[in-house]
1. How would you order 171-182, 145-156, 80-91 from highest to lowest mean count of nearby Cβ atoms within 10 Å?
2. Roughly how many Å² of Ser302 are accessible to a 1.4 Å probe, to the nearest 10?
3. Measuring from a point 7 Å past the Cα of Asn404 along Cα-to-C-beta, which residues in the stretch 140-163 have an amide N at less than 20 Å?
4. Report the calculated FRET efficiency for Glu225 and Phe250 (r = Cβ-Cβ distance, R0 = 41 Å), to the nearest 0.05.
5. Within the chain, what whole-number % of the accessible surface is contributed by carbon and sulfur, with the 1.4 Å probe and all protein chains included in the calculation?
6. Averaged per residue, what accessible surface does the chain expose to a 1.4 Å probe, in Å²?
7. Note down the Stokes-Einstein diffusion coefficient of the stretch 171-298 in µm²/s, whole number, using a Kirkwood radius over alpha carbon pairs, 10 °C, and 1.306 mPa s.
8. May I ask you to list the trypsin sites (Lys or Arg not before Pro) in the stretch 152-218 that are in a DSSP loop and have at most 10 other Cβ atoms within 10 Å of their Cβ?
Amino acid sequence: MDLGVRWKLHGDGRTPAPGAVVRPDERLSWPRTAGLGAQHVVAMFGASFVAPVLMGLDPNLAIMMSGVSTVIFLLATRGRVPSYLGCSLSFVGVAAVIRAQGGTSATVTGAVFVVGVVLFLTGLAVRRFGARVIHAAMPPVVTGAVVMLIGFNLAPVTASTYWPQDQWTALLVMLFTGLAVVCLRGFWSRIAIFLGLLFGYGVSFLFDRVLGKVHTVDAAGHAVEHWRLDLSGVGRADWIGLPAFHGPSFQWSAVLVALPVVIALVAENAGHIKAVGEMTGENLDERLGTAISADGAGSMLSTALGGPPNTTYSENIGVMAATRVYSTAAYWAAAGFALLFGLCPKFGAVVAAIPGGVLGGITVILYGMIGLLGAQIWTRSGVDLRNPLNLVPAAAGIIIGVGNVTLKITDTFSLSGIALGTIVVVTGYHALRALAPAHLKEQEPLLDAGTSSYDRTGAEEGRT
């Protein structure tokens, strides 16, 4: 059985020939391949490490399971789809809602485990019936609206939890990260979140020395003072050790909050497959179902052990576009580095020490970017919001999701925010479509075509 773990040496093994690319079944020399693997880990570091911290999960376990999930993905796709799997930011809002309802880390991972199961089954359905099964249930107007409400639902988390912890540090980190995203080029722009974290650590350290402790209000409403950057946990942490594992716990209310993220994950996978196919010149559409199922399997394994879910990472597409190296050998190297980081508790302690003000500045940009990905789906799919069939369910669902509107069904069960907003968008669209006059029912592009057009201009800029 071909598992895609054999690679031909590309040229002299040093750099791609002019105009050529290193294909998934090729590799450069092993030292260069290892360096590229480390580069991929750094590229996804910022968002993928911020996500588990925001979800309240162990960052050491998160990076370890990202490596394991990457291995599962590479084996499942037989080495034809280069991809690194990291913790999806789409789940941050889910975790915040579940914890606000009194849920624990086990409740969070239990709800996300169910999402992994549904994602796995969705991939099997796509393999059996093709991408049209996705379009039938989730046309671009629905997908865009759900992604948007998931992202913007997080705004209160930044406004009330992270930003107030140190508003001036948050402001500086936001400005620096925004400048890094816009002004830097190539690989450096791909790691702008990581650079923002480093800048935030430096600013927090400087402010502690110059201004002393910061005064904030804790969750109970009590005034407290503390150092912005507390590295005491780093000194106590061991250099080598296993991360903390725990089993999932299942609650229907939490599961209902988490399930809408399946729509966002399907869109992410479809975009990744199409983008990689366009860059490598190979039609990978038949691999979409396998890729979705592999993401689901990796997420199931990770959450069963207490880690976060994992999905394909767009930052790594940027690295491939900039280097013209699509070798899956580099991703095996990246997975190896991730496993090593996961076995270093001291490394996890550094991540866990991210100051609240730093998270405030970064999440302002990250959460907004998640929400605006929904608008990008609409734009690339040509969704006409002048059409009331598109406008009405999207408008209603987004306001419900962003405003955390609640529908109380019984004394012990209610729907609100992300879950209720998604139900309104999905059921509202299909119900209205069944009743709408014929002139409003224009055919829209398939989801995998409408959300995954690769920006070649951006790729060319990334190489300069």
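1. Working: 171-182: 18.0, 145-156: 25.2, 80-91: 28.2.
The most tightly packed comes first, giving 80-91, 145-156, 171-182.
2. 0
3. In the stretch 140-163, the label zone of Asn404 (backbone N under 20 Å from the point 7 Å along Cα→Cβ) covers 146-163.
4. Working: r = 40 Å, r/R0 = 0.97.
For Glu225 and Phe250, the calculated efficiency is 0.55.
5. It is 65 percent, rounded to a whole number.
6. Values: 19480 Å² over 464 residues.
Roughly 42 Å² per residue, with all protein chains present.
7. After rounding, the answer is 80 µm²/s.
8. Qualifying residues, ordered by number: none.
The values are calculated or read from the model by the stated rules, or taken from the named source; none is laboratory data. Because the structure is a prediction, the values reported are computed rather than measured. Cβ coordinates were reconstructed from backbone atoms using ideal geometry, including for glycine residues, and neighbour counts include every protein chain displayed. Protein only, heavy atoms only, side chains kept; ligands, DNA and RNA dropped before computing areas. Shrake-Rupley method; radii C 1.70, N 1.55, O 1.52, S 1.80 Å.
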